[in-house]
Amino acid sequence: MKIGIVCYPTFGGSGVVATELGMALADKGHEVHFITYNQPVRLDFISHNLHFHQVILEEYPLFQYQPYELALSSKMVEVVRKHELEVLHVHYAIPHAYAAYMAKQMLKEKGLDVRVVTTLHGTDITLVGSHPTYKTAVEFSINNSDVVTAVSNNLKETTNKLFNIRKDIKVVYNFIDVEKYAAAGDEECNRIAIAKPNEKILTHVSNFRPVKRVEDVVKVFYEVNKEIPSKLLMIGEGPERAKAEKLVKELKISEDVFFLGNSTEVAKILCYTDLFLLPSQTESFGLAALEAMAAGTAVISTNTGGLPEVNIHGETGYLSDLGDVSDMAKNAISILKDDVTLACFKQNAKEQTKRFSLENILPVYEDIYKSCFKTEV
């Protein structure tokens with residue numbers, strides 16, 4: 001098939017999933033066209049079936065903010081016409097689903113009928129999409145998509161609560177390329193460069209937005225480090241990084257905490273890791289946790305959103321109430337206190353990821369694309 005993928009080209013979960021999906025589809029022989037304002041950070045042009053089309057925003061003094069959705073919908077029309085795309089798969093409702101609807105209407109006037117699949121990822125629904133400024137347009141766009149998917153049962157339920165949805169939302173979990181993480185683990189893991197042999201390594205990966213509660217990460221680590229000598233790796237960039245760095249200095253643990261910024265080598269970094277910390281306010285799915293688990297890392301997380309669908313309490317890690325730093329630290333110490341317990345949790349985490357393997361999820365999306373043409377919408 002000829003498929004267009006629209007996403008945010010960033011380190012965020014929705015962009016990562018969309019990019020990995022597109023590359024996997026190309027490997028299966030599908031022709032895939034990415035349409036966005038920058039090349040996605042994880043996009044690797046190893047297949048001749050992959051193409052990238054940049055959305056250009058023209059500067060014009062009338063606009064205080066450039067109308068991206070207009071430029072995006074026009075670019076969609078151009079790419080669909082030129083390359084005869086059959087499906088537009090848009091990730092993240094705002095503004096992609098709305099832009100796709102506009103593109104579809106413009107194409108209809110030219111006698112073309114492209115099908116639109118919208119995947120909801122989380123904050124596009126729970127934080128931004130439900131805001132009164134956007135709610136009507138988001139609801140309209142979802143209801144006028146040919147197929148709608150959500151990355152967890154929790155997100156599906158939340159969407160139906162927040163919006164008047166007339167379509168059935170299909171749950172398609174985020175996925176992981178298990179082989180990629182296995183290969184990273186097979187490579188020589190230069191752990192000694194990070195920690196001494198008697199020290200444990202804890203890691204957090206996110207975009208450092210307020211919802212990620214990175215100060216809680218530092219607080220949990222501080223309590224763990226009192227009992228078990230450890231290092232903390234903080235991967236990512238965002239508005240809360242400065243607060244986390246300030247807290248690290250106040251707690252006098254600067255020598256044990258490393259802020260490494262954004263990275264495209266997350267799989268290799270996770271091979272160092274004993275425990276992954278994700279104390280988020282909410283996670284529609286918890287892709288960062290799944291990536292850690294694929295690398296054989298136990299997870300300490302909150303019990304919010306879709307996290308309980310990924311991190312199994314008492315098996316792959318532990319779940320705690322939002323903000324309960326004391327409980328998270330206690331659970332972390334219980335896993336790290338002896339190597340036998342730690343090894344058991346790490347193995348359970350790795351086994352759990354098989355449920356979310358690329359080879360299991362990819363055919364589901366292929367079937368969804370095909371289903372767009374089985375019934376008239």
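The values are calculated or read from the model by the stated rules, or taken from the named source; none is laboratory data. Since the model is a prediction, treat every value here as computed from it, not as a measurement. So basically every Cβ, Gly included, is an ideal-geometry build from the backbone, and we count neighbours across all protein chains shown.
Things worth noting here:
- Check on Gly122, touching a Phe, Trp or Tyr at 6+ places or on another chain (Cβ under 9 Å), under 19 Å from Tyr68 (Cα atoms) and at pLDDT below 90: no
- Qualifying residue in region 247-264 (condition: touching a His at 6+ places or on another chain (Cβ under 6 Å), crowded, with 19+ Cβ neighbours inside 10 Å and farther than 19 Å from Ser326 by Cα): no
- Among the residues of region 138-161, those identified as β-branched (Val, Ile, Thr) and either modelled with pLDDT of 95 or more or surrounded by 24 or more Cβ atoms within 10 Å (Cβ to Cβ) (or both) are Val138, Ile142, Val147, Val148, Thr149, Val151, Thr159.
- Here the strands (runs of 3 or more DSSP E) wholly within region 204-305 that include at least 1 residues being under 16 Å from the mean Cα position of the chain (by Cα) and at negative phi are 230-235, 275-278, 298-302.
- Qualifying residue in region 238-245 (condition: among the acidic types (Asp, Glu), crowded, with 19+ Cβ neighbours inside 10 Å and touching a residue at least 24 places away in the same chain (Cβ under 8 Å)): yes
- Yes/no for Ile368 being over 20 Å from Ala26 (Cβ atoms), β-branched (Val, Ile, Thr) and either in contact with a His (Cβ under 7 Å, 6 or more places away or on another chain) or modelled with pLDDT of 95 or more (or both): no
- Among the residues making up region 8-67, those that are more than 24 Å from Val266 (Cα to Cα) and touching a helix residue (DSSP H, G or I) at 6+ places or on another chain (Cβ under 6 Å) are Val32, His33, Ile35, Asn49, His53, Val55, Leu57.
- Residues of region 306-345 that are among the polar types (S, T, N, Q) and in a strand (DSSP E or B): Ser320 alone.
- Lone unmet requirement of (1) free of Cβ contacts under 8 Å to residues at least 60 places away in the same chain; (2) within 22 Å of Pro67 (Cα to Cα) for Val6: (1)
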